[in-house]
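Every read-out reported here was derived from the displayed coordinates using simple, explicitly stated rules and does not represent laboratory data. Bear in mind the structure is a predicted one, so any value in this text is a computation, not a measurement. We place every Cβ from the backbone using ideal geometry, glycine too, and count neighbours over all the protein chains shown.
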Amino acid sequence: MITPKIYDAYFTALLKGDRQACIEIVESLLDEGVEIISLYHHLFEKALYEVGALWERNQISVAKEHLVTAMTESLLNMVYPHLFKTKPTGEKAVISCAANEYHQVGGKMVADILATAGWDTYFLGANTPTEQMLAFIEETRPDMLGLSLSIYFNLPALKREIEAVNSVFPNLDIIIGGQAFKWGEVPSLNTFKNLTYIPSLEDLKTDLGES
């Protein structure tokens, strides 16, 4: 269980750049058998959102925010051996960041949560060009596409990407999420076909029927 005390210890170590302390906390939680969704939602996602808020208020530097992001990505690798314990569903998902979007941790966590639910996932990472993403979708024929957006000002790029996907793959289900939507869903996106806004990793789990 991720108690407030554990979270505070983790967050303090994260801001200090104390990688070893963070590793020990994550290792301890994994050894205790904490659910992956709980680890991601109540530790990693919560801490990243809090760090993002500190950065927006100019209470930490861009360098510190980048350090925290890099450390979190390395901690995600510790979870990888625990992801594939669920029977495969046969469903496939492509997860990518919107064009011009360089924050990829959220998308990686979405791909991992889908993997724990038995999905076969393809994570394309940051700033994947739209035409190359479309080619990959054509090649893999996924059941769902997930697009992550962290910076609100990249919303026009996300819209263009969704338009392109709808044009070429009109029946493909699309999920979107990320810190760019922290004030709520963007109404202008409601006109797109087969599009679902996922506010958090916990909401993703609920949508997958894993609650």
Rounded if a/c under 1.5, otherwise prolate or oblate - the stretch 137-200, Cα gyration tensor axes:
prolate
Which listed pairs, of LYS5/LYS87; LYS92/LYS193; LYS92/LYS182; LYS87/LYS159; LYS16/LYS205; LYS64/LYS159, have C-alpha distances above 24 Å, in listed order:
LYS5/LYS87; LYS92/LYS182; LYS87/LYS159; LYS16/LYS205; LYS64/LYS159
At 10 °C and a viscosity of 1.306 mPa s, what translational diffusion coefficient does Stokes-Einstein give for the stretch 89-134, taking Rh as the Kirkwood radius over Cα pairs? Give it in µm²/s as a whole number.
148
Can you list the residues, at least 5 places off or on another chain, whose amide H is less than 5 Å from the amide H of GLU91, using H built in the peptide plane?
ASP120
FRET efficiency for ILE6 and LYS182, Cβ-Cβ distance as r, R0 = 30 Å, nearest 0.05?
0.80
Treating only Lys and Arg (+1) and Asp and Glu (-1) as charged, each at its beta carbon, one finds that the chain has a dipole about its Cα centre, in Debye to the nearest 20, of 300
Given the DSSP H assignment, sum -39500 (n - 2.57) over each helix run of at least 4 residues in the chain and divide by its residue total; what's the result at 222 nm in deg cm²/dmol, nearest 500?
-15000 deg cm²/dmol
Quick one: Karplus J couplings for the stretch 196-208, per residue in order, coefficients 6.51, -1.76, 1.60, θ = phi - 60°, nearest Hz, x for Gly and Pro?
10, 8, 10, x, 8, 5, 5, 5, 4, 4, 4, 5, 7
Per the stretch 1-67, sqrt(5λ) over the Cα gyration tensor eigenvalues, sorted largest first, in Å, gives 22, 13, 9
With just the Cα atoms of the stretch 88-195, tell me how far they stretch along each of the three principal axes, in Å, largest first.
36, 27, 22
For ASN194 and GLN20, FRET efficiency with R0 = 41 Å and r from the beta-carbon atoms, rounded to 0.05?
0.40
Where does the chain land on Rg/Rh, using Cα atoms and the Kirkwood Rh?
0.96
Stretch in the chain that is longest and holds no trypsin sites (Lys or Arg not before Pro) that DSSP places in a loop and that have at most 16 other beta carbons within 10 Å:
86-181
Would you please give the residues with an amide H less than 5 Å from that of ASP173, counting only those at least 5 places away or on a separate chain, with H modeled from the backbone geometry?
LEU145
